[in-house]
Amino acid sequence: MNTKILSIAGFRIKIKSDLLFNLDEGHIPFIVKEDSNEDILVELYDKDIINKIPENKIFESANDKLKIFAIFKIEDGYKIIIYNQQDNNKIQQVAYVDEDFYNWKVIISEELINDALKYPLGPLLLYYLTIKNEAIMIHGSAVSDGEKGKLFTGVSGSGKTTIASIYRGSGYKIINDDRLIIKKDGNNYYIYNTPMYYADDPKKTLLTSVNLIYHSKENISERLKGAIAVTNIMANCIQHSYNKRYIQHHLDFLSELCNKIPVYKVGFKPDKSIVEFLNNDKR
Amino acid sequence: MILKKIFKQKSNFATRNINGELVLVPLKNNIADMTEMFVLNELGDFIWNNIDGINDENKIIKLITENFDIDENTARTDFNEFIKKIEKVILKP
């Protein structure tokens, strides 16, 4: 039996299989040796993928051009069909998942033997880990000065990657500029990176401010509180809104986070002046 | 009739009261719709909670006058505005 254990945002994902499988370069830095209790168990199989689609579809992720994945309710859990993004008529992985989203029996095609958690399966596992815990997944960039961490989030095109790049040039550590996990630990919230398509070490920083960013002719900052803060952050979270419990989890988590961590709406000029502005801003 | 329709749809929303405002998030079966959310003020929260499948319009308006410092005409106007707003949310495809 081959086993690999991933530690992502402090969560343990155990992957085991009779197959000689491997993971892509994005996941490899997250592999750990210690075998503590896992939060999710993934079992890999290489049976033929049956292309029969069940009828009871409860959720779908798709855009105008591509189907990404679809979730179906089956008798004792869920069946998740993940489509190949290069050839969208092909199924890439099929996962049979129990009601608790603990045990994932994943059938992979032969070409995935060295990339068993190929996107979007990796982030899917993480999403269902977060909703079982005090954590969320969010589109955003996060930077750290070694002690404090700023989260920048916003709609597509709002400048998340741009602002991360500006902070990188100012000596800050970039946690990630795309997809992050925010997790509560005791009285604090921490930001973690997740495996991407490229290799990057696991990173973590204390969350000390949430900044909802947009491009602006001048640097400007406004404190948001209450429902407006919660809904603005939630709009950028990764969510599968077919289940009321999952939405409730996000609402509850973010309501508590917004009581503890200051939230700002920040317009920024795309140059280094934003770093000084946010540091000097008496927030 | 509309109150019954709203009451039937209530279970399709997750809610959370945040500092006196009520956030409503509809259940969706597609990731593309995930950003749709609605915020109701304190009065809207009160009306939403009193749409219970039993209270009719007059009863809710009476409850508003008893719980907020407003007269019946104002309560009716506020109630009708709420219904107009929430009807759009409920009836949205």
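Worth pointing out:
- Beta carbons closer than 6 Å, at least 6 apart along the sequence or on distinct chains, pair a first residue in region A:83-106 that is over 24 Å from A:TYR246 (Cβ atoms) with a second that is open to solvent by 10 Å² or more (accessible area, probe 1.4 Å) and basic (Lys, Arg) for A:ASN84/A:LYS90; A:ASN88/A:LYS67.
- Members of region A:92-148 found to be among the small types (Gly, Ala, Ser) and in a loop (DSSP other than H, G, I, E, B), listed by number: A:SER109, A:ALA116, A:GLY146
- Any hit, region A:196-219, residues being open to solvent by 30 Å² or more (accessible area, probe 1.4 Å) and part of a helix (DSSP H, G or I): no
- The residue pairs whose first member lies in region B:3-20 and is within 14 Å of chain A (Cβ to nearest Cβ), whose second member is at pLDDT 90 or above and open to solvent by 30 Å² or more (accessible area, probe 1.4 Å), and whose beta carbons are closer than 6 Å, counting only pairs six or more residues apart or on different chains, are B:ALA14/A:LYS244; B:ALA14/A:GLN248; B:GLY20/B:GLU42.
- Any hit, region B:56-65, residues being under 22 Å from A:GLY226 (Cβ atoms), away from chain A (no Cβ under 14 Å) and over 11 Å from the mean Cα position of the chain (by Cα): no
- Residue in region A:127-147 that is touching a residue at least 24 places away in the same chain (Cβ under 8 Å) and over 28 Å from A:ILE5 (Cα atoms) present: yes
- Counting the residues of region A:152-187 that are of a type in the set (A, V, I, L, M, F, W, C), in a helix (DSSP H, G or I) and open to solvent by 10 Å² or more (accessible area, probe 1.4 Å) gives 1.
- Meets criteria (modelled with pLDDT under 90, more than 7 Å from every other protein chain (Cβ to nearest Cβ) and open to solvent by 30 Å² or more (accessible area, probe 1.4 Å)) for B:ASN29: no
- Within region B:1-12, restricting attention to residues that are modelled with pLDDT of 90 or more and of a type in the set (A, V, I, L, M, F, W, C), the residue that is least open to solvent (accessible area, probe 1.4 Å) is B:ILE6.
- Of the helices (runs of 4 or more DSSP H) lying entirely inside region A:223-283, those carrying at least 1 residues that are in contact (Cβ under 8 Å) with a residue 60 or more places away in the chain, surrounded by fewer than 18 Cβ atoms within 10 Å (Cβ to Cβ) and within 14 Å of another protein chain (Cβ to nearest Cβ) are A:244-260.
- B:GLY53 fulfils the conditions (1) open to solvent by less than 60 Å² (accessible area, probe 1.4 Å); (2) within 14 Å of the chain's Cα centre (by Cα); (3) within 8 Å of chain A (Cβ to nearest Cβ) except for a single criterion, (3).
The values are calculated or read from the model by the stated rules, or taken from the named source; none is laboratory data. Only a predicted model underlies this, so the values are computations on that prediction, with no experimental measurement involved. With ideal geometry, Cβ positions are generated from the backbone for all residues, glycine too; neighbour counts draw on all protein chains shown. Quick note on the areas: whole protein, heavy atoms, side chains included, nothing else; ligands and nucleic acids left out. Shrake-Rupley method; radii C 1.70, N 1.55, O 1.52, S 1.80 Å.
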